[in-house]
Every structure is written in structure tokens, then in C-alpha cells.
Amino acid sequence: MRPDGPRDPYAGPEAGPEAPFPIKLCGPVIKGFGRGSRELGIPTANIPTEGLSTTHPDLPSGIYYGFVGLSLKSCPSATGASSSTSGSDSTTSPPSSTPAASTAVEPIISIHPAVLSIGYNPFYKNTVRSVEIHILHDFPRDFYGAALNLLVLGYIRPEYDYVSVDALVEDIRIDCAVAARSLDRATYQRFRRDEWEAWLTDFSWMDNVDTHKLEREMLNQKE
Ligand code: ADP
Ligand code: MG
């Protein structure tokens, strides 16, 4: 159960990520359990967990934060005209494009802060481990099939069992604020630049993804 009391506004050391971070994960966005948006109002992009099982099998379950590099190239349905994008946290928009850009098109490649859960989600009594990523950005539409690079930079908290969905949602809202604040520190911001930016925006692994297998997996996971 979740402990009572106020939560720490920051997670992770002020000096920057420490071992085992940063952790790199890549994968196409697949269908999850279909409950993120519908039940909680907090959509989570799911990616396959094979990468994590091989590189960090002992990583504790819990809530983490980091940066996401996203390529919408492989999901053309996501690249139409946008209705709710400011573009202020994307890599491909000019720095001055802060006003609400109601007619802007979502950039194909972008980098965003994100909060994610790794684990079994005890509230839902899941039997398989999942990586579910809530990107701190408003997207005009779904982006299943998009290529996603994830750089995990810190740990926020363990997973708890909740008395209600409301209590769960309240904690996730706090996680989002903690993640945004923690990633805003200069010692973390540097992980969206230089060689890290190059890695976050390198989607060449997508060439090796078996799209037919992926489609089958998506269908299997849907129900
Ligand atoms: P699923 O169970 O299939 O993962 P969700 O209800 O969790 O369904 O919704 C996740 C989907 O919502 C993602 O795959 C993505 O296409 C879309 N989405 C839209 N906005 C976001 C966002 N800010 N963060 C994560 N996913 C988002
Ligand atoms: Mg999801």
C-alpha cells in the first residue's frame, strides 16, 4: 500500500543519473491492455520488453522517468494536421514557436520527457511484465507502430496496490510533475543533447523489425 504523507518533489540525485542509469530501450509502439486512456485518462505507449529482459533482468519494478525519442514515420495516420500541439518541446520546431499552433503538423521526429512504469501493475494483477510510457506531451492522435527510443534516467517509486482508481490516478499525476521537474535539471537536460540526442533520434533498428510479426503481436495483445 502507498505510504501516507507528502511526496518528494524530485527524484534521483541532483548531480545527475547514477548507475544503472542511463538505460536504453527501443521498440515499436504496440497495443497494451487498452485501459490507459479509457479508464485513467493517462495514455501509456507500450513497447515490447525483450530488450529489458536481456539487458536488465533484475531492474526493480516501479515508476521511472526519462526522455523519449519518437519517430512517426512508420505510422502515417499520426502525421496529419495537429490540433493541440505547441511544438515547444520538440527537436524539429524552431525555438521561437511557442504560441498555440492550431494548424501545426506534428513533427515526424521529436524528443519529449516521459514517465514510465516497468512491472506487473499489481492493481491490475497482471501476469506479464510491461513497459508503459506516458509521454509528457499532447498528441493529436494515436501513434501505434511508431518507433520509440527510451532513455531511462531515474527511479521515482515502487509500484503500490491502490484502494481505488482515483488514488492511483492522483499518484500518477504527482509522478508526472516529479518527472518533469526532475528532468528539467541541467544535469538531466544534457541527456537530450549531443550523443544522447543522436541516439534518441536514431531509428535504424526499425529496419530489422518484422512488421508482420508485430501486427500479429498487436492483434494477440488486444484481447
Ligand atoms: P494501450 O493499452 O493500447 O497502450 P492506452 O489507453 O494506454 O492503450 O493508450 C496508449 C496509446 O495512446 C499509445 O500507444 C499512443 O498511440 C497514444 N497516445 C496519445 N498520447 C499519448 C501520450 N501522451 N503518451 C503515450 N501515449 C499516447
Ligand atoms: Mg498503454
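Using heavy atoms of the protein chains and a probe of 1.4 Å, the accessible area assigned to Arg192 is about 50 Å².
Checking the a/c ratio against 1.5 first, then a/b against b/c, what shape does the Cα gyration tensor give for region 3-72? Because a/c hits 1.5 or more and a/b fails to exceed b/c, region 3-72 counts as oblate.
Of the GluC sites (Glu not before Pro) found in region 1-72, those in coil by DSSP whose Cβ has at most 15 other Cβ atoms within 10 Å are Glu14, Glu18.
The values are calculated or read from the model by the stated rules, or taken from the named source; none is laboratory data. These numbers were taken from a predicted model, which means no experiment stands behind them. Cβ: placed from backbone, ideal geometry, glycine included. Neighbour counts: every protein chain shown. With ligands, DNA and RNA removed, areas are computed over all heavy atoms of the protein, side chains included. Shrake-Rupley method; radii C 1.70, N 1.55, O 1.52, S 1.80 Å.
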